[in-house]
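Working notes, beginning with the structure itself.
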Amino acid sequence: MLLNSKKKLLVAGLLCGAVAAVLAFMGNPANMAFCIACFVRDMAGSLGMHQAAVVQYARPEIIGLVLGAFVISVATKEYRSTAGSSPMIRFVLGMIIMIGSLVFLGCPLRMVIRMSAGDLNAWVALVGFAGGVATGTLMLKNGFSLGRSHETNKASGAVLPVLMVGILALLLCSSLLLASEAGPGSMHAPIIVSLIGGLIFGAIAQKSRMCFAGGIRDVILMKNFDLLSVIGGLFVVMLIFNIATGKFVLGFNTPGVIAHSQHLWNILGMYAVGFAAVLAGGCPLRQLILAGQGSSDSAVTVLGLFFGAALCHNLGLASSGTSINPETKELVAGAVTPNGKIAVIICIVVCFVIALTNKREEAK
């Protein structure tokens, strides 16, 4: 059991960091390596849910995460098929997490990976993420609850893992899925490496209960720093990898990092992510892991992530990253779109509405 010692949790984080480093070395964008939001967005594109040609690819890492959690939970008798806890609210929270992530340009996992590469924008965003988690935790203290989930037929909890197997089959055996020929979607490790990396990461994340929002929440609620040990281990390995490969660049507006320096919106985007993640019961990574071990509630949240990704690119909510103009060779600063700014404000308001209108009976 990985939860019975901080040293074991630290080792779990080191192993996850090693997986991310290998994936970056083998072809994934180095500053992205393993990003739940970016990879779900790419998968949504591969399924034709949006038409942004540079971010379309059925990422085997996401498939591996779900299947790795499924296999390890079945093997250790932790698989439980549950459902019924405010599914539509969880779907909306999934959308909010994705919208906030794509305004910032990364999920909490990528935020930490960007921090390890010297991207100061990610350190700024950490302030917003921690603030969002703190707000959500305050709501928990004040009685927020989405209700209890209930045991369901075992087959119900296996639906998302089965769907992931189906997507993998399409990736391996057909040309039905869309795939980018340029841009981030075209940058990826070999399929087998990505799938194995996802399986390992998923199994470790399931056993360690790895959650970026949960780590900060536990510090606030219980002064428990255990889950931060996992995240710290991942950060250390990626920091060493970035320094060793010359990819550590300290600063803002760094071309090629796929980031922007609009600090207010980095903060607010990740504030929405942190707030919604606590209300939903876990960060994007944790939602995929919980879905793999049988939670249909988390599976609905994952569907919200996919729908949110489609909205972001269909409605122009996703931000652009700093880049070099190929013709003039001038630096083009990344930016948040006007639509994205409006969407983030709406998402934060919706989080407050959800938090204040869903309470345990004894807290009303």
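Here is how the numbers come out for the structure above:
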{"quantity": "Test result for residue 71, at pLDDT 95 or above and open to solvent by 20 Å² or more (accessible area, probe 1.4 Å)", "calculated": "yes"}
{"quantity": "One residue from 215, 232, 198, 256 being open to solvent by less than 60 Å² (accessible area, probe 1.4 Å), out of contact with any Phe, Trp or Tyr (no Cβ under 7 Å at 6 or more places or on another chain), assigned to a helix (DSSP H, G or I) and over 16 Å from residue 8 (Cα atoms)", "calculated": "198"}
{"quantity": "Filtered residue count, segment 25-61, keeping only those that are out of contact with any helix residue (DSSP H, G or I) (no Cβ under 7 Å at 6 or more places or on another chain), open to solvent by less than 10 Å² (accessible area, probe 1.4 Å) and in a helix (DSSP H, G or I)", "calculated": "1"}
{"quantity": "Residue within segment 165-181 that is among the hydrophobic types (A, V, I, L, M, F, W, C), closer than 30 Å to residue 255 by Cβ and assigned to a helix (DSSP H, G or I) present", "calculated": "no"}
{"quantity": "Pairs, first modelled with pLDDT of 95 or more in segment 262-290, second assigned to a loop (DSSP other than H, G, I, E, B) and polar (S, T, N, Q), C-beta under 6 Å, six or more apart", "calculated": "none"}
{"quantity": "Identity of the residue in segment 172-191, open to solvent by 60 Å² or more (accessible area, probe 1.4 Å) and without any contact (Cβ under 8 Å) to a residue 12 or more places away in the chain, that ends up nearest to residue 13 (Cα to Cα)", "calculated": "173"}
{"quantity": "Number of positions in segment 110-150 that are assigned to a helix (DSSP H, G or I), small (Gly, Ala, Ser) and open to solvent by 30 Å² or more (accessible area, probe 1.4 Å)", "calculated": "2"}
{"quantity": "Segment 305-332, subset at pLDDT below 85 and out of contact with any Leu (no Cβ under 9 Å at 6 or more places or on another chain), residue nearest to residue 31 (Cα to Cα)", "calculated": "331"}
{"quantity": "Matching residues in segment 333-357 - criterion: being part of a loop (DSSP other than H, G, I, E, B) and at pLDDT below 95", "calculated": "333, 334"}
{"quantity": "Enumeration of residues in segment 293-314 that are touching a strand residue (DSSP E or B) at 6+ places or on another chain (Cβ under 8 Å) and either outside any loop (DSSP other than H, G, I, E, B) or at negative phi (or both)", "calculated": "295, 296, 297"}
{"quantity": "Matching residues, segment 1-24, being open to solvent by 50 Å² or more (accessible area, probe 1.4 Å) and part of a helix (DSSP H, G or I)", "calculated": "3, 4, 6, 7, 8, 10, 11, 14, 15, 22"}
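Quick grid of which residues meet (1) open to solvent by less than 60 Å² (accessible area, probe 1.4 Å); (2) at pLDDT below 95; (3) within 21 Å of the chain's Cα centre (by Cα):
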{"position": "193", "(1), (2), (3)": "yes, no, yes"}
{"position": "203", "(1), (2), (3)": "yes, no, yes"}
{"position": "206", "(1), (2), (3)": "yes, no, yes"}
{"position": "221", "(1), (2), (3)": "no, yes, no"}
{"position": "244", "(1), (2), (3)": "no, no, no"}
{"position": "252", "(1), (2), (3)": "no, yes, no"}
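The values are calculated or read from the model by the stated rules, or taken from the named source; none is laboratory data. This one's a predicted model, so the numbers in the text were calculated from it and none came from an experiment. Cβ sites come from the backbone with ideal geometry, for glycine too, and all protein chains shown count toward neighbours. Quick note on the areas: whole protein, heavy atoms, side chains included, nothing else; ligands and nucleic acids left out. Shrake-Rupley method; radii C 1.70, N 1.55, O 1.52, S 1.80 Å.
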